[in-house]
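Asker: Before I ask anything, let me first share the structure, which is written out below as structure tokens.
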Amino acid sequence: MKVILLDDVARVGHEGEVLEVANGYFRNYLEPRNLAVRATKGALKELEARGRAIEGRDEEKREQAQELVESLREHKLVIRASTGEGTKLHGSVTAQQIAQAAREQINLELDRRDLDIPEAIRETGDYLVSARVYKDVTAQLAVSVIPIDTEEEKKPVAEDAAPEAVQEPEADAEQEADSEEPE
């Protein structure tokens, strides 16, 4: 079934495009959400009339994407991963982990499928990852993979805390003993 998209639909197309989609997809998803209309003669004439407005919105979205690309150059995503011996990771850093880090660290919603990781990230270090921000606008994300604190580094902290915890009850006991004598 030929339809005209009224809005951008992820993984399908952009506003104003005439596409061939399955009948059920149109009836059950696109039409109830007002994302598309049937491509009738009248709808196609209306699309031609709205062409300039659609192009204007598309250009505005593209400019916003370019501004976002410029601002992303200043940011570096930090991903913590468990490591084995040396700099080798247990497993690898995935596109999903990078998308989640972008969401948490710089409030950028990226779909994992829009990320292009040139080669598997299996060691700690700095990497560049391409991210499609809008249609043909891509950004280079700087990603730094660092090791998670190991248990050995955490143990000395726990040992330092333990003597303080032991000293505090002794101090409390001395205060209690001092308070019992005057009575």
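The values are calculated or read from the model by the stated rules, or taken from the named source; none is laboratory data. Worth saying up front: this structure is predicted, and the values here are computed from it rather than measured. When we count neighbours, we look across all protein chains shown, and the Cβ atoms used for this are built from the backbone with ideal geometry, even at glycine.
Every residue, every condition in (1) modelled with pLDDT under 90; (2) closer than 19 Å to Arg11 by Cβ; (3) assigned by TED's automatic domain parsing to the domain that holds Val12; (4) not acidic (Asp, Glu), yes or no:
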{"residue": "Thr83", "(1), (2), (3), (4)": "yes, no, no, yes"}
{"residue": "Gly86", "(1), (2), (3), (4)": "yes, no, no, yes"}
{"residue": "Leu89", "(1), (2), (3), (4)": "yes, no, no, yes"}
{"residue": "Gln96", "(1), (2), (3), (4)": "no, yes, no, yes"}
{"residue": "Glu104", "(1), (2), (3), (4)": "no, no, no, no"}
{"residue": "Ile121", "(1), (2), (3), (4)": "yes, no, no, yes"}
{"residue": "Lys135", "(1), (2), (3), (4)": "yes, yes, no, yes"}
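Asker: Go over the candidates Leu141, Leu115 one by one and state the one that is in contact (Cβ under 8 Å) with a residue 40 or more places away in the chain, in contact with a helix residue (DSSP H, G or I) (Cβ under 7 Å, 6 or more places away or on another chain), surrounded by 15 or more Cβ atoms within 10 Å (Cβ to Cβ) and not acidic (Asp, Glu).
Answerer: None of the other options fit; the residue is Leu141.
Asker: Taking the conditions exactly as written (on the phi > 0 side of the Ramachandran plot and of a type in the set (S, T, N, Q)), does Asn34 satisfy them or not?
Answerer: Yes, satisfied.
Asker: So, one more: What do you reckon, is Gln97 outside any strand (DSSP E or B), surrounded by 15 or more Cβ atoms within 10 Å (Cβ to Cβ), without any contact (Cβ under 8 Å) to a residue 40 or more places away in the chain and of a type outside the set (Val, Ile, Thr)?
Answerer: yes
Asker: Quick test for you: out of Glu15, Glu20, Glu46, pick the one residue that is more than 29 Å from the chain's Cα centre (by Cα) and within 23 Å of Arg113 (Cβ to Cβ).
Answerer: The conditions single out Glu20.
Asker: Using the structure shown, decide if Arg52 is over 22 Å from the mean Cα position of the chain (by Cα) and assigned to a helix (DSSP H, G or I).
Answerer: Yes.
Asker: Another question, if that's okay. I'd like the residue in the range 124-138 that is among the small types (Gly, Ala, Ser) and out of contact with any helix residue (DSSP H, G or I) (no Cβ under 8 Å at 6 or more places or on another chain) and, out of all such residues, is surrounded by the fewest Cβ atoms within 10 Å (Cβ to Cβ).
Answerer: By that ranking, first place goes to Gly125.
Asker: Would you please list the contacts, defined by Cβ atoms under 9 Å and residues six or more apart or on different chains, that run from a residue in the range 34-58 that is under 25 Å from Ala22 (Cα atoms) and at pLDDT below 90 to a residue that is among the β-branched types (Val, Ile, Thr) and part of a helix (DSSP H, G or I)?
Answerer: Listed by first residue and then by second, the contacts come to Leu47/Ile54.
Asker: Related question: Being closer than 19 Å to Ile148 by Cα and of a type in the set (A, V, I, L, M) is the filter here; which residues of the range 80-119 pass it?
Answerer: Across the range 80-119, the qualifying residues are Ala81, Leu89, Val93, Ala95, Ile98, Ala99, Ala101, Ala102.
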